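Quick note: the coordinates plus some simple rules give every number you see, no bench work behind them. Keep in mind that this is a model prediction, so the values were computed, not measured. With ideal geometry, Cβ positions are generated from the backbone for all residues, glycine too; neighbour counts draw on all protein chains shown.
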Amino acid sequence: MNNLFAKMPVSRLIATAEGGEHKLKRTLGPMSLISLGIGAIIGAGLFSLTGIAAAENAGPAVVLSFAIAAFGCAFAGMCYSELATMIPVSGSAYTYTYATMGDFIAWIIGWDVVLEYAVASACVAVSWSRYVGSFLQTFGIAIPPQFAACPFDTITLANGLQGHGIINLPAIFIILAVSIVLMIGISESSWVNTVIVIIKLAVVVTFIAVGYHYIKPENYTPFIPPNTGTFGEFGWSGVMRAAGVIFFAYVGFDTVSTAAQESRNPKRDVPIGIIGSLVICTILYLAFAYVLTGMVNYQAMRGDAAPVATAINLTPYPWLQLLIKFGIICGFTSVILVLLLGQSRVFFAMSRDGLLPKLFSDIHPKWKTPWRSNILFMVFISFFAGFLPISKLGHMTSIGTLLAFVIVCIGVIVMRKTQPDIARPYRVPFVPLFPILGILSCLGMMTSLDKDTWIRLVVWLGIGMVIYFAYSRHHSHLNNK
């Protein structure tokens, strides 16, 4: 039982990370880390879930839902920043938990984060495929529908008959392309991400600036629609449910901490990357949600898979719709890039500690990246994106992330008590108040999610427990030594 909660000393974590075979290339500065965070945050959550959450849960008050979600993220972001400056190595929440709560809890959170990144990557790849198909149709290029949908999707064939997809080739293509970029090197990946981020930020700002002039004030009445009698459908319960749903839109700032081992000065730059990207995205999210619900009545967005396109159609600028689609595609691309980066780094850290086979922490001699880990995820996530209706598992990303945030907030409190003398270049103010507020706000959003999401989380964690007790516990370097 003691082995289950054996902790990895911080000094040993840092020494192992700086060792020869596990040493990653430090090339990222503060602006690269901010760009990395924005690249992961602004994507499918903003462009797709805003309209869905407004129509089904909160109405125009989805703006408040974004603020509530940001409130929880702010406290979690500060906790991530403190731990990242104390333990500037790969692994993010998994590594911090290893140092604060031990081997067993670290495995749980690592396995949870793996689910978060895998499901999110596949979901976004499927969305990327659909928007690319729509974008190409504008230029008269049509992708055969059976090769842009999985076998479980119903499609309309060229002859007008109903059928089923065969394979989602565009979704597979983007996973393969992004994985290759990640294998080549982190500096190259960062450059690609920065270019994409500039494009999609320009598109989001353009939408806000143009759309503001087409707001209809009557669309904000009632601002919080009355509850329908069902928890989570309008009223304040709907605002909270929407906060839990659109939390997916904030997933990504934590991936900045997974790149701590590739930051030139992690003790200064990682907090800048985490908090900076979160502040920028929160401001844009609030403005975006306000403009969208002002242009389109929340009731008209029910069942609308592309509410942003619907809003743009209300303007006299056809070119803007094309620009928005292009920006959405760019947004999805950068999200996939950063999620796959974060996932490979978490597996790298778990393998480095012996909880997973060694191949996950093998570093390429030239590229200095965990390339075998990238290849494995490239294969599996490509399969999911190409053959499964993975989008149904989208809520799993939110609940997995919220659980990770709760554990990280607890970790700050534990480390302040157990290891108060360790250098903390960044310190969370008002401990334990701020971490507790982070825990309560994240738990509140978790409890607002539906039962099926909780069941899937429990099943996934159950599978993880089997793997841990069958393999990881016996191969853990910490336990063996």
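Mind checking segment 426-481 for chymotrypsin sites (Phe, Trp or Tyr not before Pro) that DSSP puts in a loop (not H, G, I, E or B) and that have at most 14 other Cβ atoms within 10 Å?
Values: sites: 426, 430, 454, 460, 468, 469, 471; in loops: 426, 430.
Listed in order of number, the matching sites are 430.
Just want to confirm a number: the relative contact order over segment 150-257, from Cα pairs under 8 angstrom separated by 6+ residues, in percent.
Answer for segment 150-257 is 9 percent.
Considering only 316, 251, 10, whose Cα is most displaced toward the positive end of the charge dipole of the chain, charges sitting on Cβ of Lys, Arg (+1) and Asp, Glu (-1)?
10
For 206, 228, 282, 50, what's the fewest-to-most ordering of other Cβ within 10 Å of each Cβ?
Listed from fewest to most nearby Cβ atoms, that is 228, 206, 282, 50.
Quick one, can you get me the convex hull of the C-alpha atoms of segment 131-248 expressed as volume per residue in Å³?
Numbers: hull volume 26.4 nm³, N = 118.
Measuring per residue, one finds 224 Å³ for the Cα hull of segment 131-248.
Among 47, 426, 214, whose Cα projects farthest towards the positive end of the dipole of segment 3-480, with charges put on the beta-carbon of Lys, Arg (+1) and Asp, Glu (-1)?
Checked the options; the winner is 426.
Okay, helix-only estimate at 222 nm for the chain: each DSSP H run of n ≥ 4 adds -39500 (n - 2.57), divide by all residues, round to 500 deg cm²/dmol; what do you get?
Estimated from H runs of four or more residues: -21000 deg cm²/dmol.
Neighbouring Cβ atoms within 10 Å as the yardstick, rank 116, 218, 262, 56 fewest first.
By the 10 Å Cβ count, ascending: 218, 56, 262, 116.
Just how far, in whole angstrom, is segment 118-148 from segment 235-280 if you go by their alpha carbon centroids?
So the two Cα centres are separated by 27 Å.
Please sort by residue number the chymotrypsin sites (Phe, Trp or Tyr not before Pro) in segment 151-255 whose DSSP state is loop and whose Cβ has at most 16 other Cβ atoms within 10 Å.
Here the sparse-neighbourhood loop sites are 152, 223, 231.
Can you compute the charge dipole magnitude of the chain about its Cα centre, using +1 on each Lys and Arg Cβ and -1 on each Asp and Glu Cβ, nothing else charged? Give it in debye, rounded to the nearest 20.
Magnitude of the dipole: close to 980 debye.
Rounded to whole Å and ordered largest first, report the semi-axes of the equivalent ellipsoid of the chain derived from its Cα gyration tensor (root of 5λ).
Whole-Å semi-axes of the equivalent ellipsoid: 36, 26, 21.
Could you bin all the Cα-Cα distances of segment 313-359 into 5 Å bins starting at 0 and give me the percent of pairs in each, rounded to whole numbers?
5, 18, 14, 11, 11, 8, 8, 7, 6, 5, 4, 1
Using only alpha carbon pairs under 8 Å that are at least six residues apart, calculate the relative contact order of the chain and give it in whole percent.
Relative CO of the chain lands at 34 percent.
Taking only Cα atoms, what is the 0 to 90° angle, nearest 10, from helix 169-184's long axis to the longest principal axis of the chain?
Between helix and principal axis, roughly 40 degrees.
Between the helical axis of 394-418 and the dominant principal axis of the chain, each derived from Cα atoms, what acute angle in degrees is found, rounded to the nearest 10?
On a 0 to 90 degree scale, this one is about 40.
Please rank 317, 117, 80, fewest neighbouring Cβ atoms within 10 Å first, as an exposure proxy.
Sorted ascending by nearby Cβ count, the order is 317, 117, 80.
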